[in-house]
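> My questions will all concern the structure given below.
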Amino acid sequence: MLSAENWDWETPEKLIAFADWNENFAWIEEPHVSCDGEKIAAIVNIAEGEFSVCINGETWENAFEKIWYPRFAPDGRLTALVSEMGEWTVAVDGIAWENKFGYVWNTLFSEDGNHIAVAVQQDMAYCMAVNDTPWQQSYSNMTNPLLSSDGKRTAATVQVEDFGEGDIQKFQEGVFTAALDGKPWNTKFVNVWKMAISPDGEKLAAEVRVSLYDYTIAVNGRPWDKTFGCVWEPIFHPKSGSVVAPVRTEGAWTLAEDGNLIWDRRFVQLWHQMYSPDGNKLAAIVASKFGKWTIAVDGKPWSVTFKDLITDAAFSPDGRRIAAVAKDDQKWKVVVDGAVWENTFDMAWKPVFSPDSKNVAAKVEKNGKYTIVVNDRLWGHECETIWDPIFNSEGDKVLLRSIEDGKYYRRVITVNDL
Amino acid sequence: MAEPAKKVEEKKIIDEGLEMGTEKLTQDRIENVINRVLKGESGARLKAYVDTCIHCGLCSEACHYYLSQDNDPRWSPVGKVKQTLWEMIKKKGKVSPDFIKRAAEIASTECNLCKRCAMYCPFGIDIAYMMLVVRRINHLLGVTPLYIQDTAHSHAATFNQMWVKDDEWIDTLQWQEEEAQGEIPTLRIPLEKEGADIMYSVIGPEPKFQAQLIYQAAVIMDVAGVNWTMPATPGWDNSDMAMFTGDNEIMGRLKRAHFETAARLRVKKIVMGECGHAFRSVYDVGNRWLGWRMPPIPVVHAIEFYYNLLKEGRIKIAKKFEEAVTLNDPCNVSRGGGLHDKARYVVNAICESLVEMHPNREYNYCCCAGGGVINCGPPYKMKRVEGNRIKAEQLFAAKARGAKVLIAPCHNCHSGLEDINHHYGLGMEIKFIGDILYEAMEKPA
Ligand code: SF4
Ligand code: SF4
């Protein structure tokens, strides 16, 4: 990630025209902005079957027959999936990778943006490619592509044996496994779903089905010695490297660590478990009763519950606080440490903590207009589009990236000014 | 009627899935699974049904199988329970492997879970629920018809019904976008557009065999000026055969992916194509298994979506469809979802003349394809078609009153009625509402 410290936190407002790009192109697609807010980009149609990307009013030198999925990497480079002469690849700042493929999708970035990975199909064989280098092995199918946060490892579910449609016996014997950097585990499973890579990059854990009815977690190919009625995706403890996953036992959900149940309470649902950054706290989204959703921290649910949904939970950097988005009767809400903000929204995005953990901000929508809300106070601008707010390292300023009246604004405001 | 509805000799059907599963059964396992499900999973609701039923048989007249099989009691709703669940309960799970195989055949291929019978039972007993309990037992015993089991495998491996690979899905959408740009040059199928109002979701067969339906939907969205998106990840398929094999865990996994995809895209609603069983899965069964009383992101069936577009004038009709149509009310969206009047509003808005079939609305007969029955594949095709002579008669009557085209706003109905159409020589054309709406609507010149 571009170090936020080096960004421009002084200039209160910068403006880049956006709507008038329209004049030069048949159409422009949804805009995307860089983390530091200095760049706004969109796919543009130049002529029939001819596309490019326009950044801050300038188009890439190269045009392509097709372009989709433009995404800024955390380091500010702009990637897109591009096609020429029926082949696909990744273009980074307008330059296509040398390797071309039958198809590419699902762009993934490492935390610092240095590593860019995609899922690849070539001649109906599947693999991943990182920084223009495909895996050495490819498979007849691949799903659940994953890039470790340091960008050094890639993983996915791969199909290691062929079977015909209707061959239920073969399927039930197990034809799937997980591959780390392209190398498959030795063990085969009926299914392999979402996975996690350990912080040191040495271990890969995945939710697996060992028969049509028995689920467990496999780590580096070895299943836990217990099976469950169902499981959801595992995570690693940030320090110890132990594996924690939701498991269903006797019709209710709880958490298991390395196969052993660790929470006493049982829930109607439990998923999206997460450790605080120091690994001292463990929280998860739960349904404490049917249709009553909340967050449980170290096994204890908040007293506030929501009927529809709770999602996008996050620990504060100091691990003491948790913020999430909740929904009740079509109203979206922000909830922090079990307390619901008074403002409600037509939509709310994942809340963001300041680095000092004191402030919480989120992008929200009300009556078709977008703004941000910081500590339950609304910013007074009604924007056509806005992106997630970003705090400076001191936590006293917020970077706002928005489109108003067809113009893109990069603004820095102090939290106290809100 | 082209083919007399005489009862043909019942042929023994060999289903590899059932044979294979039955071979592996042991008495212990059967007993264990049955008692586990009866005590641990189905509990009070099942007990209430079993205790309440007075064996009066009033439900029989509701069932298209019973009516089509000359009122043979073995095809009656309560007869199906008698041959399956009651025996299991009475014998406390001590039933033979062959009994299990037969129970699987009855629950999976002789009941569409259409719930028509529940409306005729004085106590509202839901036979479909009991048949689902039988299917759940069969799933846990590994005795499920091959074709639908294979489909459940596809769901588990790819999160869609048709083994569509991740890239094939996106590629199909881009191909349909390009095709549709031939008609409307600026049309887009916006992929992964976070913050769109609507996520449009379809069932696996659309990208696999019926990509024109995606094309038509894209034109409708574009002309109506809808802010919409489609996901470029698994979670796009709203269908759910796992719900019908009793594989609740895979059902839950599919629905979780569907709703979390919609939540990730920050849409306000999911609009789904013309499918009935998928509606039941996202609106009732799948969401509830996960702990959601209602869908966490509201789900709008295509019928209701078209209704809103027409009512609000966002779609205008250039020329109504001229041939007289009749309308098949899909069980899951009419009896299950109450959309029958909205369907009539839409059909009347886009067609010159609607000839009602009788009975209709929530009392309509099932197409006999639903509930996963058509997904049990070719071995059961004749049983399914002969099991719905009553539907053919219903359609012949509508035809006699002038109906030429049959509208079936559900994928399963569509395919099942097509088989009935051919077998009984009805000679009707079958269409989705979207086919006609696309033809009839005003489009940019
Ligand atoms: S097919 Fe329908 S009417 Fe017949 S038993 Fe099943 S749910 Fe009841
Ligand atoms: S289910 Fe209802 S209608 Fe059917 S036999 Fe039992 S009590 Fe009578």
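> Residues that are modelled with pLDDT of 95 or more, under 27 Å from the mean Cα position of the chain (by Cα) and within 13 Å of ligand 2 (Cβ to nearest atom), at least 1 per element: which helices (runs of 4 or more DSSP H) completely within the stretch B:51-95 meet that?
Values: elements: B:64-68, B:77-81, B:87-90.
Once the helices (runs of 4 or more DSSP H) in the stretch B:51-95 are filtered for at least 1 residues that are modelled with pLDDT of 95 or more, under 27 Å from the mean Cα position of the chain (by Cα) and within 13 Å of ligand 2 (Cβ to nearest atom), what remains is B:64-68, B:77-81.
> Every residue in the stretch B:102-128 that is within 9 Å of ligand 1 (Cβ to nearest atom), within 19 Å of residue B:278 (Cβ to Cβ) and not in a loop (DSSP other than H, G, I, E, B), please.
Hit for the stretch B:102-128 is B:128, nothing else.
> Further, regarding this structure: Among the residues of the stretch B:226-252, write down those that are without any contact (Cβ under 8 Å) to a residue 40 or more places away in the chain and either touching an Asp or Glu at 6+ places or on another chain (Cβ under 6 Å) or under 18 Å from residue A:251 (Cβ atoms) (or both).
B:227, B:249, B:251, B:252
> Given the criterion modelled with pLDDT under 95 and either over 30 Å from residue B:77 (Cα atoms) or within 16 Å of ligand 2 (Cβ to nearest atom) (or both), identify the matching residue among B:186, B:172.
After applying the criteria, what remains is B:186.
> I'd like the residue in the stretch A:187-205 that is assigned to a strand (DSSP E or B) and within 14 Å of chain B (Cβ to nearest Cβ) and, out of all such residues, is farthest from the chain's Cα centre (by Cα).
A:189
> Of the residues B:152, B:217, B:180, B:156, which single one is among the aliphatic types (A, V, I, L, M), more than 11 Å from chain A (Cβ to nearest Cβ) and closer than 23 Å to residue B:260 by Cβ?
On inspection, the qualifying residue turns out to be B:217.
> Enumerate the pairs (first residue in the stretch B:50-69 and more than 11 Å from ligand 1 (Cβ to nearest atom); second residue anywhere and at pLDDT 95 or above and among the hydroxyl-bearing types (Ser, Thr, Tyr)) with beta-carbon separation below 6 Å, excluding pairs fewer than 6 apart on the same chain, so at least 6 apart or on different chains.
Sorted first by the residue in the stretch B:50-69, then by its partner, the pairs are B:58/B:120.
> Does the stretch B:253-299 hold any residues that are among the hydrophobic types (A, V, I, L, M, F, W, C), more than 23 Å from residue B:215 (Cβ to Cβ) and in a loop (DSSP other than H, G, I, E, B), and which are they?
Result: B:290, B:292, B:294, B:297.
> Any residue in the stretch A:17-46 that's more than 18 Å from residue A:93 (Cβ to Cβ): show its pairings with residues that are surrounded by 17 or more Cβ atoms within 10 Å (Cβ to Cβ) and acidic (Asp, Glu) at Cβ separation under 6 Å, as long as the two are six or more apart or on different chains.
Close Cβ pairs (under 6 Å, with a partner that is surrounded by 17 or more Cβ atoms within 10 Å (Cβ to Cβ) and acidic (Asp, Glu)) do not exist here.
> Here is a follow-up. Can residue B:246 be described as under 24 Å from residue B:112 (Cα atoms) and within 14 Å of chain A (Cβ to nearest Cβ)?
Spelling it out, residue B:246 is indeed under 24 Å from residue B:112 (Cα atoms) and within 14 Å of chain A (Cβ to nearest Cβ).
> Still on this structure: Looking at this structure, is residue B:349 crowded, with 24+ Cβ neighbours inside 10 Å, away from ligand 1 (no atom under 15 Å from the Cβ) and either more than 17 Å from residue B:63 (Cβ to Cβ) or not assigned by TED's automatic domain parsing to the domain that holds residue B:431 (or both)?
Criteria not met by residue B:349.
> Which condition number in (1) over 17 Å from residue B:366 (Cβ atoms); (2) away from ligand 2 (no atom under 16 Å from the Cβ) is the one that residue B:135 fails?
(1)
> Does the stretch B:131-144 contain any residue that is within 9 Å of ligand 1 (Cβ to nearest atom) and not charged (D, E, K, R)?
So far as the stretch B:131-144 goes, yes, one or more of its residues are within 9 Å of ligand 1 (Cβ to nearest atom) and not charged (D, E, K, R).
> Take the residues in the stretch A:256-271 that are aromatic (Phe, Trp, Tyr) and within 14 Å of another protein chain (Cβ to nearest Cβ); name whichever of them is nearest to residue A:224 (Cα to Cα).
That would be A:271.
> Moving on to the next point. Just wondering, is there one or more residues in the stretch B:316-335 that are more than 28 Å from residue B:126 (Cα to Cα), surrounded by 17 or more Cβ atoms within 10 Å (Cβ to Cβ), more than 16 Å from ligand 1 (Cβ to nearest atom) and of a type in the set (S, T, N, Q)?
Yes: one or more hits.
> Also, I was wondering about something else. How about the stretch A:242-357: which strands (runs of 3 or more DSSP E) wholly inside it have at least 1 residues that are among the charged types (D, E, K, R)?
A:243-249, A:252-257, A:282-289, A:292-297, A:309-315, A:322-328, A:331-336
> Okay, moving on. Residue A:217 is checked against (1) surrounded by fewer than 22 Cβ atoms within 10 Å (Cβ to Cβ); (2) in a strand (DSSP E or B) and fails just one. What number does that condition carry?
Every listed condition holds for residue A:217 apart from (1).
> Okay, moving on. Which of the residues that make up the stretch B:183-214 are within 19 Å of residue A:27 (Cα to Cα) and either more than 14 Å from chain A (Cβ to nearest Cβ) or surrounded by fewer than 24 Cβ atoms within 10 Å (Cβ to Cβ) (or both)? Give the derivation first.
Step one: filter the stretch B:183-214 for residues within 19 Å of residue A:27 (Cα to Cα), giving B:183-194, B:196.
Across the stretch B:183-214, the qualifying residues are B:183, B:184, B:185, B:186, B:187, B:188, B:190, B:191, B:192, B:193, B:194, B:196.
The values are calculated or read from the model by the stated rules, or taken from the named source; none is laboratory data. Bear in mind that the values here come from a model prediction, so they are computed numbers and not experimental data. FYI the Cβ positions are ideal-geometry reconstructions off the backbone, even for glycines, and counts take in every protein chain you see.
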